[in-house]
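Taking it in order: structure first as structure tokens, then the write-up.
The values are calculated or read from the model by the stated rules, or taken from the named source; none is laboratory data. Keep in mind the model is a prediction, meaning the values are calculated, not measured. Counting neighbours? That spans all protein chains shown, and the Cβs are built from the backbone with ideal geometry, glycine included.
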Amino acid sequence: MRNDENTSVVRARGLCKKYGREAGLVRAVDQVDLDVAPGETLAVMGPSGCGKSTLLHLLGGLDRPTGGEVWLAGQRIDGVSEKALARLRRTAIGFVFQAFHLMDELTAAENVELPALLAGRSPRAARRQAISLLEQVGLGDRATHLPSELSGGQRQRVAIARALSNSPLVVLADEPTGNLDSEATLDVLRLFESLRSAGQTLLIVTHDARIAATADRLISMRDGAFVDETRLTGGTTGHLGALAGLEG
Amino acid sequence: MQQEVVLALLAKEPSHGYQLRARLAQALGPLGDEMNAGQIYVTLARLEKAGLVTAERSAGLPDRPDRKMYALTPAGQQRVGDWLTEVSWPRPDLAEFHLKLVAAAAARLADPLAIVDAQRRELLRRLRDAQRAAMAEPERSDAGLLLEGIVLRLQADLRWLEACERNWTGRRSGT
């Protein structure tokens, strides 16, 4: 399937990020081409140090490439001003990080409504939406809790609610289950699954196979470059029973 | 179907075949769907022949296997007891894949990393299927626990593939 350049939510061409020079030159991201279609969940997987986090930062305007182009919903963003980039990050992109990055002194609801307030929404509308997002992630009864009063899985779900606060074009998640135990991971998996079926465009970089396996499409990254691509939707191959030792 | 499994299903009380099937379906959830429904009767007939099970036809009903009431004989009970205390070990099949990588690299027939990538694609598809099935199970269901086992095994296989990837990447770049 080919993505028309006008319809890709996220698009990169020849994207590069280099550090150092000569013998010390590191190509953290090396000539990456990428298209993420609307409503698609894409996972980029690779060992630590393969450049996947750097890639996410370049796509989300948290870092500048040393070469190539980044497009967001048809708009080229790699060369825009710092101010314009900051506005894009606030309004068009939802970020989810491994370490949650919640404000410790704010309640769950205050964390979630913050991006909406920064975008100029009225306090009342922002709060109403924050409560509804917390309900959506299953934490309606934790709105007044501080992050320190929540489990790791609950904090990550608050962070995901916050990422959705401005109805972003795309949610970029960096190792979202990296700090979670298996039960909390399952909660986050369910949540991403429901976002996926609601049509939210998602890009996840991870080395956790469980979250990668929820994606529509999976790209493997090594040494800064894409080396393999798999479409996970459509025709199931193995029989689950055989995996459990049951014979037909 | 393993004979001991059918015997153990009978250990609770004498049962009809369809009751055993229901217990199996409960424990296996979606994994049970792939099983042939007639298989349990084939196994029961073998167990009867081996003297581990008795089968009594219900009076006045046609002679169909699902009308029979099956029960363990003392020998059958003994077998179930032995089976429960037996330690069985899963048979992982790692050597074949490992040797495939070694042979492919030695003979320069294929890139070991391409083989690793292909294997990972397949494992991830299975992981996705198992995970979808696990997420669809209600909390604390027997079948959910079995599916979690499959998910964990697949994750272990994928972690080993990561180690293979690191190793063969290192060899290729000569470090």
- prompt: Just one of A:Thr144, A:Thr185 is within 14 Å of another protein chain (Cβ to nearest Cβ) and β-branched (Val, Ile, Thr); which is it?
  reply: A:Thr185
message: Suppose the filter is without any contact (Cβ under 8 Å) to a residue 60 or more places away in the chain and facing chain B (nearest Cβ under 10 Å); does A:Arg222 pass it?
response: no
- line: Sole miss for A:Ser48 among (1) surrounded by fewer than 16 Cβ atoms within 10 Å (Cβ to Cβ); (2) part of a helix (DSSP H, G or I) is condition (2)
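Conditions (1) within 17 Å of A:Leu169 (Cβ to Cβ); (2) touching a strand residue (DSSP E or B) at 6+ places or on another chain (Cβ under 6 Å); (3) outside any helix (DSSP H, G or I), marked per residue:
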residue	(1), (2), (3)
A:Trp71	yes, yes, yes
A:Gly79	no, no, yes
A:Arg89	yes, no, no
A:Val96	yes, yes, yes
A:Ala99	no, no, yes
A:Asp104	no, no, yes
A:Glu110	no, no, no
A:Leu114	no, no, no
A:Ser132	no, no, no
task: Kindly provide the set of residues from region A:147-171 that are part of a loop (DSSP other than H, G, I, E, B) and either free of Cβ contacts under 8 Å to residues at least 24 places away in the same chain or surrounded by fewer than 16 Cβ atoms within 10 Å (Cβ to Cβ) (or both), ordered by number.
output: A:Ser151, A:Ser167
- request: For A:Thr144, state whether it is buried (at least 16 other Cβ atoms within 10 Å of the Cβ) and over 17 Å from A:Leu195 (Cβ atoms).
  value: no
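Results for (1) over 30 Å from B:Lys12 (Cβ atoms); (2) modelled with pLDDT of 90 or more; (3) of a type in the set (Gly, Ala, Ser), shown as yes or no for each residue.
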position: B:Gln77; (1), (2), (3): no, yes, no
position: B:Val80; (1), (2), (3): no, yes, no
position: B:Glu96; (1), (2), (3): yes, yes, no
position: B:Leu99; (1), (2), (3): yes, yes, no
position: B:Val102; (1), (2), (3): yes, yes, no
position: B:Val116; (1), (2), (3): yes, yes, no
position: B:Glu137; (1), (2), (3): no, no, no
position: B:Ala156; (1), (2), (3): yes, yes, yes
position: B:Thr175; (1), (2), (3): yes, no, no
message: Suppose the filter is out of contact with any helix residue (DSSP H, G or I) (no Cβ under 8 Å at 6 or more places or on another chain) and under 17 Å from B:Arg121 (Cβ atoms); does A:Arg196 pass it?
response: no
query: Only one of (1) among the hydrophobic types (A, V, I, L, M, F, W, C); (2) part of a loop (DSSP other than H, G, I, E, B); (3) facing chain B (nearest Cβ under 10 Å) is not met by A:Leu180, so which one is it?
result: (3)
- request: Go through (1) surrounded by 13 or more Cβ atoms within 10 Å (Cβ to Cβ); (2) assigned to a loop (DSSP other than H, G, I, E, B) one by one and return the number of the condition B:Ala25 breaks.
  value: (2)
message: If I go through region B:67-118 residue by residue, how many of them are within 14 Å of chain A (Cβ to nearest Cβ) and either closer than 24 Å to A:Asp228 by Cα or loosely packed, with under 10 Cβ neighbours inside 10 Å (or both)?
response: 13
task: Tell me, yes or no, whether region A:196-210 has at least one residue that is surrounded by fewer than 18 Cβ atoms within 10 Å (Cβ to Cβ), aliphatic (A, V, I, L, M) and at pLDDT below 90.
output: no
- request: Could you pull out the residue among A:Leu134, A:Leu146 that is touching a Ser or Thr at 6+ places or on another chain (Cβ under 9 Å) and modelled with pLDDT of 95 or more?
  value: A:Leu146
- prompt: Among the residues of region A:57-66 satisfying the criterion of being closer than 11 Å to A:Ala12 by Cβ and outside any loop (DSSP other than H, G, I, E, B), which is nearest to the chain's Cα centre (by Cα)?
  reply: A:Leu59
message: Six or more apart or on different chains, Cβ atoms under 8 Å: show the pairs whose first residue is in region B:26-44 and at the interface with chain A (Cβ under 8 Å from one of its Cβ atoms) and closer than 16 Å to B:Gln3 by Cβ and whose second is small (Gly, Ala, Ser) and surrounded by fewer than 15 Cβ atoms within 10 Å (Cβ to Cβ).
response: B:Met35/A:Gly248; B:Asn36/A:Gly248
- prompt: Restricting region A:190-207 to residues that are in a helix (DSSP H, G or I) and not small (Gly, Ala, Ser), which is farthest from the chain's Cα centre (by Cα)?
  reply: A:Arg190
